[in-house]
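In what follows, a single structure is set out as structure tokens and then discussed.
The values are calculated or read from the model by the stated rules, or taken from the named source; none is laboratory data. Since the structure is predicted, the reported quantities are computational estimates derived from the model, not experimental observations. Cβ: placed from backbone, ideal geometry, glycine included. Neighbour counts: every protein chain shown. Side chains are part of the model used for accessible areas, which takes the heavy atoms of the whole protein and leaves out ligands, DNA and RNA. Shrake-Rupley method; radii C 1.70, N 1.55, O 1.52, S 1.80 Å.
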Amino acid sequence: MKILVTGTAGFIGFFVAQTLLERGDEVIGLDNINDYYEVDLKYDRLDLCGIKKESINYGKPVLSHRFDNYHFYRLNLEDRDAVLSLFKEHKFHRVCHLAAQAGVRYSITHPFDYINSNIVGFMSILEGCRQNDVEHLVFASSSSIYGLNKVQPFSVHHNVDHPVSLYAASKKSNELMAHTYASLYKLPVTGLRFFSVYGPWGRPDMAYFQFTKAIFEGSPIDVFNYGNMERDNTYIDDVVTGVIRVLDKAPCGNASWDEMNPDPSSSPAPYKVYNIGNNTPVKLMDFIKTIETACGKEAKKNMVPMQPGDIYSTYADVNELEKNFGYRPDTPIDVGIGKFVQWYKSYYKRT
């Protein structure tokens, strides 16, 4: 099975690619290695899969020295001609599209980055799939898409028409674009709404990473909304398992879909959306306490107001995921944070 995985220098993409390689799939990895956060971490992830930094040149394939079934390309998604040429050359069976410009707060100050990567770039992926008969496209959406929705747990059957950040709006747009291609061209497409993914090799812009860094450095952490927030945090291993199970099973059209009472999560077209979350929201102050316990140190806390674009709470309903794949994430937060802090101390040489 030949699979394109985008975002393979990124957190989730790195682990998904590695898991597919280990089970024997042929993987083509793609990433632009941008500087949204420290690029050394991205190069170190690639190195674990046998891709050496010094061998990477824009648009040129690099063969892994660890996996003979892995080639990596450094490409921008919005480089339409290069992306379409890649599809034409390799004729992928499946595509796992995880690359995107991430970050709610960053989208407030850098809006065009989200249009270029998440809208224009996603269009390149859709066209590549359409023109080359890809059998299944799986793409990353986000829990941020629920926006002003206050009904919890967040269900894929809920309306998500009121995002509160451009990042969330770009992910909502991806879902709309994907449905259009599923409807017009019968391209099987599945969107995955990730809920605060964390773990070893994670993203430095995420709260758990910033809190851990600050604790070891003795710096204060910003506690937004004065601690009155909660998140459904999902451990990386659980997310990867969910992604691959979904990737291996393309959706069919929903024959019982009611146009008079439309279900946002499905369609007569081969289109589906799932939440991948732990189904267990954790209060922010409890989350910080868990990190403090794992670090063996107390955080200095700077209590601040809610930030624009944030939402108070996330809570994933994963019933559809469990019904269709017999799977639900279940790693306890103390176990997952413990593994992250252990990795952090080793990687950054902290004691």
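Below, the figures for the structure above:
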read-out: 16 Å Cα-Cα reach of residue 283 towards aspartates and glutamates, excluding residues that sit fewer than 8 places from it in its own chain; value: 222, 230, 232, 292, 310, 334
read-out: Local net charge near residue 292, Cβ-Cβ under 15 Å (Lys/Arg +1, Asp/Glu -1); value: +4
read-out: Backbone N within segment 183-207 under 20 Å of label point (7 Å from residue 105 Cα along the Cβ vector); value: 195-199, 202-207
read-out: Carbon and sulfur %, accessible surface of the chain computed with the full protein complex present, 1.4 Å; value: 50
read-out: Long-range HN-HN contacts of residue 147 with modeled amide H, under 5 Å; value: 164
read-out: Residue 322 - accessible surface, heavy atoms, 1.4 Å probe, Å² rounded to 10; value: 80
read-out: Prolate/oblate/rounded call for the chain, Cα gyration tensor, a/c under 1.5 rounded; value: oblate
read-out: Distance violations [Cα-Cα > 28 Å] among 53/297; 53/289; 53/300; 150/289; 289/345; 88/323; value: 53/297; 53/289; 53/300; 88/323
read-out: Mean ellipticity per residue at 222 nm, deg cm²/dmol - from DSSP H runs of n ≥ 4 across the chain, formula -39500 (n - 2.57); value: -11000 deg cm²/dmol
read-out: Accessible-area ranking of 232, 258, largest first, probe 1.4 Å; value: 258, 232
read-out: Solvent-accessible area per residue for segment 10-51 (1.4 angstrom probe, square angstrom); value: 32
read-out: Order of exposure, largest accessible area first, which applies to 323, 297 with probe 1.4 Å; value: 323, 297
read-out: Residue-count net charge about residue 320 - beta-carbon cut-off 11 Å; Lys, Arg +1, Asp, Glu -1; value: +1
read-out: Prolate/oblate/rounded label for segment 113-248 (Cα gyration tensor, a/c 1.5); value: prolate
read-out: Within-13-Å neighbourhood charge of residue 193 [Cβ basis; K, R +1; D, E -1]; value: -1
read-out: Tensor-based shape of segment 92-186 (alpha-carbon gyration tensor, a/c under 1.5 rounded, otherwise prolate or oblate); value: oblate
read-out: Rounded FRET efficiency, nearest 0.05, which uses the C-beta distance separating residue 319 from residue 180 and R0 of 22 Å; value: 0.25
read-out: Rel. contact order, % - alpha carbon contacts under 8 angstrom, at least six apart, segment 120-181; value: 36
read-out: Average accessible area per residue (Å²) across segment 227-351 - probe 1.4 Å, nucleic acids and ligands excluded; value: 48
